[in-house]
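The values are calculated or read from the model by the stated rules, or taken from the named source; none is laboratory data. The structure presented is a predicted model; accordingly, all values stated were derived computationally and were not measured. Quick reminder, even Gly has a Cβ in these numbers, built from the backbone with ideal geometry, and neighbours come from all protein chains shown. The accessibility values were calculated without ligands, DNA or RNA, using every heavy atom of the protein model including side chains. Shrake-Rupley method; radii C 1.70, N 1.55, O 1.52, S 1.80 Å.
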Amino acid sequence: MSQKFKDAFQKLAQNIPKGGGEPGRGAGAAKAASRAAGSLIVAGGLGYGAYNSIFTVEGGHRAVIFNRLLGMKPHVYNEGLNFNIPWFERPIVYDIRTRPVNLQTLTGSKDLQMVTIGVRVLHKPDPNNLVWIYRHLGMNYDERILPSVMNECAKAVVARYNANELLTKREEVSASISAELSQRCGVFHVLLEDVAITHLAFSPEYAKAVEAKQVAQQDAERAKYVVLGAIQEKKTIITKARGEAESAELIGTAVKRNPGFMKLRRIDAAKEIADIVSTSGNKVYLNADSLLLNLLGDADEKFAKSVTGEKRGWFSWWSK
């Protein structure tokens with residue numbers, strides 16, 4: 001188009017008289033100048049029309065056209081090269097690729113605990129309803145509807161759960177928020193790709209209460225184990241005492257029935273003492289009777305006679 005303007009100016013300069021000519025020749029020059037100016041205007045109009053009669057829609061975009069006479073045209077233009085009427089029509093291009101929106105809000109749970117929740121939403125406009133979106137919401141449709149809708153849906157869903165359920169049923173809470181948002185945004189022809197909870201925090205007072213509860217539960221469990229240990233120790237002591245009593249009873253019965261039982265026990269004790277004395281490096285100067293090592297002597301008979309003599313002496317003294 002610049003070359004056409006250049007050629008037109010060159011023709012105009014050639015037809016303009018350089019001075020001192022005839023009157024008829026001057027009138028011809030004026031006509032040539034007017035023709036050149038008309039050609040220039042026509043060329044400019046054609047260039048403007050050719051330049052503005054086409055528009056390109058990039059990948060991941062769609063376009064709608066506003067007509068100055070008819071308003072919004074119902075057709076949605078796809079990617080590639082498209083045509084429109086210059087000046088009468090104006091293309092509006094929408095980005096239909098998925099975009100994220102983050103929202104963080106403070107709300108209350110079912111048990112009246114204050115919760116700070118953050119929600120991230122992946123959204124895009126419905127390509128088949130871009131005319132409706134432009135007519136009612138404009139280009140910044142996401143800024144008009146998503147913050148308020150996300151805030152309302154998040155508060156409505158969180159109010160259905162207790163504070164502990166928000167932690168233990170996080171997937172269920174996220175699915176509920178997604179269902180609520182999809183239903184509300186569907187009215188505005190906005191499609192949601194994904195809804196996720198990115199942040200969940202409770203008030204400092206609730207955090208302290210939870211920590212105190214956990215400490216109390218741990219103390220209770222510790223006390224429970226202490227009580228169980230004391231019960232087991234008591235059972236052990238009782239069992240041990242019963243065993244010792246039964247053992248003493250059995251030994252007494254065995255001694256009564258068989259006097260040689262004590263001699264057998266004495267022999268066992270003598271074996272243990274002999275092993276200890278034989279392996280020790282110290283010298284022992286004690287009586288064999290004191291160490292229970294006199295197994296071949298008459299120690300038992302002497303002991304029995306001494307016991308019998310003491311009893312007789314006591315009876316004789318009592319009779320006097």
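Which entries in the list Lys169/Lys208; Lys208/Lys234; Lys208/Lys235; Lys169/Lys224; Lys240/Lys271; Lys213/Lys240 go over 32 Å, if you measure between the two C-alpha atoms of each? Pairs exceeding 32 Å: Lys208/Lys234; Lys208/Lys235; Lys213/Lys240.
A cut-off under 13 angstrom between Cβ atoms defines the neighbours of Lys169, and their net charge, with Lys, Arg +1 and Asp, Glu -1, is 0.
Across segment 212-225, coupling constants 3J(HN,Hα) worked out from phi with the 6.51/-1.76/1.60 Karplus curve, θ = phi - 60°, read 5, 5, 5, 5, 5, 5, 5, 5, 5, 5, 5, 5, 4, 5 Hz, and Gly and Pro carry x.
Of the solvent-accessible surface of segment 180-230, computed with a 1.4 Å probe and all protein chains present, 59% belongs to carbon and sulfur. The solvent-accessible area of Phe66, taken with every protein chain present and a 1.4 Å probe, is close to 70 Å². Taking the alpha carbon gyration tensor of segment 59-154, multiplying each eigenvalue by 5 and rooting it gives semi-axes of 38, 13, 8 Å, largest first.
For a paramagnetic label modelled on Ser203 (point 7 Å from Cα along Cα→Cβ), amide N atoms under 14 Å away belong, within segment 80-115, to 106-115. Measuring how big segment 54-104 is from its alpha-carbon positions, Rg and Dmax come out at 13.4, 46 Å.
The residues of segment 70-184 have, on average, 55 Å² of accessible surface per residue, using a 1.4 Å probe with all protein chains present.
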